[in-house]
Structures are given as C-alpha cells and as structure tokens.
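Enquirer: Would you mind keeping the following structure in view while I ask a few things?
The values are calculated or read from the model by the stated rules, or taken from the named source; none is laboratory data. Since this is a predicted model, take the numbers as computed values, not measurements. Ideal geometry is used to build each Cβ from the backbone, glycine not excepted, and the neighbour counts take in all protein chains shown. The area values use the complete protein model at the heavy-atom level, side chains included, leaving out ligands, DNA and RNA. Shrake-Rupley method; radii C 1.70, N 1.55, O 1.52, S 1.80 Å.
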Amino acid sequence: AAPQGPPVYVDLAYLPGSWSARTVDEEFFRRVRSLCYVVSGDDHLKEGVLRPLLDALLAGKHHWGLDIQVTLIPTFDSLVMHEWYQETHERQQELGITVLGSNSTVAMQDETFPACKVEF
C-alpha cells in the first residue's frame with residue numbers, strides 16, 4: 001500500500017490498459033483526481049477488468065467531497081461499457097460524471113478513425 005498523502009489533481013489522466021488496469025481501484029480514484037479520464041485499450045484483456053475499473057471510479061469519486069465534473073472518455077466501443085453506463089446512469093449524474101460518446105471521424109492521410117475533441 002502506498003503511504004497516505006493529499007490527492008493529486010490533474011486535467012487529464014490515461015487509465016492503464018491490459019493487465020495493468022487491475023491496479024486501478026477505488027483508492028486510485030480517491031488519490032488521482034482528474035477532470036478527464038481516458039479509458040483506452042480495445043482488447044480482450046481490458047474487457048475482463050473494465051467493469052471493476054468503472055465501479056472503482058464511482059466509489060472513489062464519492063469520496064471527493066467537491067463539486068467537480070468528471071468526463072470519462074472511452075476510446076473503444078464495449079458491451080461492458082454500455083451495460084455499466086445503463087446500470088449506473090443515475091449514480092453517474094449524482095456524482096457529476098459524464099461519459100463522452102462520439103460519432104465524429106477524423107481522416108488523416110490514408111486512414112479514418114473515430115475521435116473527440118477535449119478542451120480545457
């Protein structure tokens with residue numbers, strides 16, 4: 001366990017992917033307080049740990065005690081994410097958490113890919 005200390009406030013935090021995502025728990029979200037969390041890593045390993053990670057966000061944000069809006073930015077489409085969103089939508093609203101979805105597409109050189117714009 002890491003020693004106790006004050007929380008760290010950042011504008012943008014990337015959540016680890018693959019097996020490292022298992023290290024993100026409620027304590028992580030109590031201590032790393034971000035305006036935006038990016039959930040990346042569209043792979044089968046992430047699917048297995050995605051729900052606990054998302055639930056940890058709700059549990060950790062509950063302890064902030066501040067009225068700070070948080071945006072969750074998934075970089076991939078996921079059935080687990082859709083189910084979590086539907087099942088916890090009211091709780092997300094209570095805690096000031098917005099899940100960003102985007103149908104925007106960016107075309108660069110010979111490829112196109114989904115994208116979203118985040119401004120601070």
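Enquirer: For the range 1-30: of the residues being open to solvent by 80 Å² or more (accessible area, probe 1.4 Å) and assigned to a loop (DSSP other than H, G, I, E, B), which is modelled with the highest pLDDT?
Expert: P6
Enquirer: Would you confirm whether or not the range 38-49 contains a residue that is modelled with pLDDT of 85 or more and assigned to a helix (DSSP H, G or I)?
Expert: Residues of the range 38-49 modelled with pLDDT of 85 or more: 38-39.
After this cut, where a residue has to be assigned to a helix (DSSP H, G or I) as well, the list is none.
No: the range 38-49 contains no residue that is modelled with pLDDT of 85 or more and assigned to a helix (DSSP H, G or I).
Enquirer: Take the residues of the range 55-81 that are touching a helix residue (DSSP H, G or I) at 6+ places or on another chain (Cβ under 6 Å) and at pLDDT 95 or above: which is nearest to Y14 (Cα to Cα)? Before the answer, list the steps.
Expert: Going residue by residue through the range 55-81, those that are touching a helix residue (DSSP H, G or I) at 6+ places or on another chain (Cβ under 6 Å) are 56-61, 63, 74, 80.
Still in the running and at pLDDT 95 or above: 56-61.
Values: A56: 15, L57: 13, L58: 17, A59: 18, G60: 16, K61: 16 Å.
Filtering first and then ranking leaves L57.
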